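The values are calculated or read from the model by the stated rules, or taken from the named source; none is laboratory data. If you're wondering where the values come from, they're calculated on a predicted model, not measured in any experiment. Quick reminder, even Gly has a Cβ in these numbers, built from the backbone with ideal geometry, and neighbours come from all protein chains shown.
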Amino acid sequence: MSQLALPLKLADHAVFESFWPAGNEALVAYLVNLAEHADGPGCWLWGAAASGRSHLLQAACARRGDRAVYLPLGALEGRTPALLEGIALRSFVCLDDIGRVTGHRDWEHALFDLCNQLADGGGTLLVAADAPPRDSGIVLPDLLSRLALLPAFRVRALGEADRIRALQLRARHRGLELPHDTARFLLSRSRRDMASLYALLDRLDAAALQAQRRLTIPFVRSIVDAGRAAGE
């Protein structure tokens, strides 16, 4: 399948063990069971940007293994629907940012064909978007009817206390110790969405490794201030 020869490597951090599930416990349990047993047609995940949709899709793929494929449609602009040819041979298909292609007739027909192929072969389809199916811009009635049958879960954003716990969990997953006070400082000095916070944590991880320093508030402040001075 030449269409799969794409830069679609899963992010190393995007596993269930590094996802703080507060408010999404039922969804995470459903996805773990789906990935481990492929027992069901799949599901539709929706929620705000940086709510964890992409993390969960990739985590499901990582847990399922070689039979899974992850397609970040938002990162594949310029590709044609031919990208989907042969994808159904992987029995566990995860489509991220489907809203980037809905409303395009050729893409919607290709997606409908994919749904039929997976259904005929007993495959599983996971979809992520920023809205539920009926609000996602799908115009092909047959495709909307098919996707609306998938169980739909809203990915809940984290409150402040759980953002701190999520940062600490991600840090532990990377082998770092992130004290509570330092995590609170990060929230006060960075954009508050989890994507920005995780990106900052990645930068701090690299800086701490190079300087052989712990993630104390003074050290973190120096890195954050240096980044701002550099326009980051």
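Structure notes:
- Being crowded, with 17+ Cβ neighbours inside 10 Å and part of a helix (DSSP H, G or I) holds for only one residue in Ala35, Ala29, Ala82, Ala14, and it is Ala35.
- Candidates are the residues of region 195-232 that are in contact with a Phe, Trp or Tyr (Cβ under 9 Å, 6 or more places away or on another chain), surrounded by 12 or more Cβ atoms within 10 Å (Cβ to Cβ) and part of a helix (DSSP H, G or I); the one that is modelled with the lowest pLDDT is Val224.
Residue-by-condition table, conditions (1) surrounded by fewer than 21 Cβ atoms within 10 Å (Cβ to Cβ); (2) hydrophobic (A, V, I, L, M, F, W, C); (3) assigned by TED's automatic domain parsing to the domain that holds Leu71:
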| position | (1), (2), (3) |
| --- | --- |
| Arg100 | yes, no, yes |
| Gly103 | yes, no, yes |
| Asp106 | yes, no, yes |
| His109 | yes, no, yes |
| Asp113 | yes, no, yes |
| Asn116 | yes, no, yes |
| Val127 | no, yes, yes |
| Pro133 | no, no, yes |
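- Subset of region 48-62 [surrounded by 21 or more Cβ atoms within 10 Å (Cβ to Cβ) and in a loop (DSSP other than H, G, I, E, B)]: Ser51, Gly52
- Scanning region 65-79 for residues that are touching a residue at least 60 places away in the same chain (Cβ under 8 Å), more than 16 Å from Leu118 (Cα to Cα) and outside any loop (DSSP other than H, G, I, E, B) returns a single hit, Pro72.
- Trp44 falls short on exactly one of the conditions (1) more than 12 Å from the chain's Cα centre (by Cα); (2) in a helix (DSSP H, G or I); (3) closer than 24 Å to Gly99 by Cβ, and that condition is (2).
- Test result for Arg172, loosely packed, with under 15 Cβ neighbours inside 10 Å, under 25 Å from Arg53 (Cβ atoms) and modelled with pLDDT of 90 or more: yes
- Scan of region 1-26 for residues that are of a type in the set (Asp, Glu) and either touching a helix residue (DSSP H, G or I) at 6+ places or on another chain (Cβ under 7 Å) or modelled with pLDDT under 65 (or both), ordered by number: Glu17
- For region 138-158, filtered to residues that are small (Gly, Ala, Ser) and surrounded by fewer than 16 Cβ atoms within 10 Å (Cβ to Cβ), the residue that is farthest from Ala49 (Cα to Cα) is Ser145.
- Matching residues, region 98-110, being in contact with a strand residue (DSSP E or B) (Cβ under 6 Å, 6 or more places away or on another chain) and part of a loop (DSSP other than H, G, I, E, B): none
- Matching option when the condition is charged (D, E, K, R), in contact (Cβ under 8 Å) with a residue 12 or more places away in the chain and not in a helix (DSSP H, G or I), among Arg163, Arg134, Arg156, Arg170: Arg156
Here's the yes/no breakdown for (1) of a type in the set (A, V, I, L, M, F, W, C); (2) farther than 25 Å from Pro41 by Cα:
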residue: Leu140; (1), (2): yes, no
residue: Ala171; (1), (2): yes, yes
residue: Leu176; (1), (2): yes, yes
residue: Pro179; (1), (2): no, yes
residue: Leu200; (1), (2): yes, yes
residue: Arg203; (1), (2): no, yes
residue: Ala211; (1), (2): yes, yes
residue: Arg214; (1), (2): no, yes
